[in-house]
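Worksheet for the structure shown next.
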Amino acid sequence: MSHECDDCGEEFETLSRLRLHDCSTDTSFESSSLTHTDERKQEDVEEHSNEERIGKLDDLLATVRDGDSTALHQAMATYETRLASAHESGNSDNYRNISRAYREELITVLDDATQTEGFVFLAEFLDAYHPETADDLPHVTTVLQNVSSRYLIRTRLSDGIEAVPVPILEFFSSILNQLEEDGYDFVREALHPYGWAVGHPDHSVADDIHQHASSSLPLVNAMLEHAFYADQHSAVELLEKLVNDESVQQTLPYRSGKISGTRYLLDAPAGAVSDFEPTIPRYWEWQEELDYEFKLDDDVEQRIRQLVAEHGIDDDLSNDWEIADLTL
């Protein structure tokens, strides 16, 4: 199936080529010779172009809702283009407005199409907007993370970890490797469900998470909590490795003081047993849809209690403390 650019009309065999092509229909003026009047004209042209493209996105999404999932390719490309344009122009308000207006719907329709068409449909988007295709993460990254997370969780619970496609895990791993220490907050939180793939036979998620513990402990803690939902025995094994790793023997600011890295990581199993329901992936109540309930096994609880005792953390707990009391 070919994909046509809405701006220049050129057709491409793959979604990747559509996304990466250099569109020749640039309606902007040359900045080197702009007068004040020209600047006003440029703003008018850009505003008209923005409105036209947003209108096309609305039309494309309406087509998708009518049952034509093929329109999603162009809808995603249009969304990416609009966000990229807002980002490049430094218009953060416009960027947020576009994202808030369309992100949830794009997630919903792509998720629906993936459930209908199968992973092969999602795979084309992961390939087209893979983090390694450009210097910066594509602007549609959080949309693809969300839908990939849903596919990962559903597949693991219904068919087992072996059935989870490796390209999803490679997609998450590539994002994890590209994240800087600051920024990308929504991308960072959307990595939490990567922990659901712990124990995959062809992609070591545990090693991947462990590798980032020294530099991104808060993110590792969140991924570890999701690993407990997926496979608590693999998760507690990873927890034991982490707390015995010298690179994790660090202190982190917490409230008015500091806590150890070990204490911080113990929040992961505590979060899993608490009454708090995870909000990631966003816009999806997965525990309700999948009728999922987490229960900590007795042997896993004893291993956690042993870690607490070995590191003297029980000194700050009551005599009858529960795992949920480790929640930060």
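The values are calculated or read from the model by the stated rules, or taken from the named source; none is laboratory data. Quantities reported herein were computed from a predicted structural model and do not represent experimental measurements. Heads up, the Cβs are rebuilt from the backbone with ideal geometry, glycines too, and the neighbour counts pull from every protein chain shown.
Which members of the range 242-272 meet the condition of being in contact with a Gly (Cβ under 8 Å, 6 or more places away or on another chain) and more than 14 Å from PRO218 (Cβ to Cβ)?
VAL243, GLN249
Given the residues SER32, SER69, which is the only one that is modelled with pLDDT under 95, under 20 Å from ARG150 (Cβ atoms) and of a type in the set (Gly, Ala, Ser)? Walk me through how you get there before you give the answer.
Numbers: SER32 fails: under 20 Å from ARG150 (Cβ atoms).
Exactly one residue qualifies, and that residue is SER69.
Within the range 221-252, take every residue that is hydrophobic (A, V, I, L, M, F, W, C) and in contact with a His (Cβ under 6 Å, 6 or more places away or on another chain) and give me the one that is nearest to SER274 (Cα to Cα).
Initial filter on the range 221-252 (hydrophobic (A, V, I, L, M, F, W, C)): 222-224, 227-228, 230, 235-236, 238-239, 242-243, 248, 252.
Among the residues that remain, those that are also in contact with a His (Cβ under 6 Å, 6 or more places away or on another chain) are: 222-223.
Values: ALA222: 14, MET223: 16 Å.
Here the answer is ALA222.
Would you pick out the residues in the range 105-140 that are of a type outside the set (A, V, I, L, M, F, W, C), at pLDDT below 95 and surrounded by fewer than 15 Cβ atoms within 10 Å (Cβ to Cβ)? Full working, then the answer.
Looking only at the range 105-140, we keep the residues that are of a type outside the set (A, V, I, L, M, F, W, C), and these are 105, 108, 111-112, 114-118, 124, 127, 129-133, 135-136, 138-139.
Retained after the next criterion (residues that are at pLDDT below 95): 131-133, 135-136.
GLU132, THR133, ASP135, ASP136, listed by residue number.
Do we find a residue being in contact (Cβ under 8 Å) with a residue 24 or more places away in the chain, of a type in the set (A, V, I, L, M), under 28 Å from VAL308 (Cβ atoms) and surrounded by 15 or more Cβ atoms within 10 Å (Cβ to Cβ) anywhere in the range 156-175?
Residues of the range 156-175 that are in contact (Cβ under 8 Å) with a residue 24 or more places away in the chain, as a first pass: 156-157, 161-162, 164-175.
Okay, now just the ones that are also of a type in the set (A, V, I, L, M), so 157, 161, 164, 166, 168-169, 175.
Subsequent filtering for residues that are under 28 Å from VAL308 (Cβ atoms) retains none.
No: zero hits.
This table checks each residue for (1) out of contact with any helix residue (DSSP H, G or I) (no Cβ under 7 Å at 6 or more places or on another chain); (2) in a loop (DSSP other than H, G, I, E, B); (3) at positive phi.
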position	(1), (2), (3)
LYS258	yes, no, no
PRO269	no, no, no
ASP275	yes, yes, no
PRO281	no, yes, no
TRP284	no, yes, no
GLU288	yes, no, no
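In the set THR262, THR279, THR327, THR251, which member is touching a residue at least 60 places away in the same chain (Cβ under 8 Å) and of a type in the set (S, T, N, Q)?
Details: THR262 fails: touching a residue at least 60 places away in the same chain (Cβ under 8 Å); THR279 fails: touching a residue at least 60 places away in the same chain (Cβ under 8 Å); THR251 fails: touching a residue at least 60 places away in the same chain (Cβ under 8 Å).
On inspection, the qualifying residue turns out to be THR327.
Given the condition over 22 Å from LEU72 (Cβ atoms) and either free of Cβ contacts under 8 Å to residues at least 12 places away in the same chain or in contact with a Phe, Trp or Tyr (Cβ under 6 Å, 6 or more places away or on another chain) (or both), answer yes or no: does some residue in the range 133-142 qualify?
So in the range 133-142, the residues over 22 Å from LEU72 (Cβ atoms) come out as 135-136.
With either free of Cβ contacts under 8 Å to residues at least 12 places away in the same chain or in contact with a Phe, Trp or Tyr (Cβ under 6 Å, 6 or more places away or on another chain) (or both) added as a condition, the list becomes 135-136.
Looking through the range 133-142, at least one residue is over 22 Å from LEU72 (Cβ atoms) and either free of Cβ contacts under 8 Å to residues at least 12 places away in the same chain or in contact with a Phe, Trp or Tyr (Cβ under 6 Å, 6 or more places away or on another chain) (or both).
Report, by residue number, each residue of the range 141-154 that is closer than 14 Å to GLU124 by Cα and surrounded by fewer than 24 Cβ atoms within 10 Å (Cβ to Cβ).
THR141, the sole residue that qualifies.
Determine, yes or no, whether ASP291 is more than 22 Å from the chain's Cα centre (by Cα) and either loosely packed, with under 11 Cβ neighbours inside 10 Å or modelled with pLDDT of 90 or more (or both). Give the steps one after another, and end with the answer.
Working: more than 22 Å from the chain's Cα centre (by Cα): yes; either loosely packed, with under 11 Cβ neighbours inside 10 Å or modelled with pLDDT of 90 or more (or both): yes.
When the stated conditions are applied, ASP291 passes them.
Hey, can you tell me all the residues within the range 306-320 that are in contact (Cβ under 8 Å) with a residue 12 or more places away in the chain and out of contact with any Lys or Arg (no Cβ under 7 Å at 6 or more places or on another chain)? Outline the logic, then answer.
Going through the range 306-320, the residues in contact (Cβ under 8 Å) with a residue 12 or more places away in the chain turn out to be 307-308, 311, 313.
The answer is LEU307, VAL308, HIS311.
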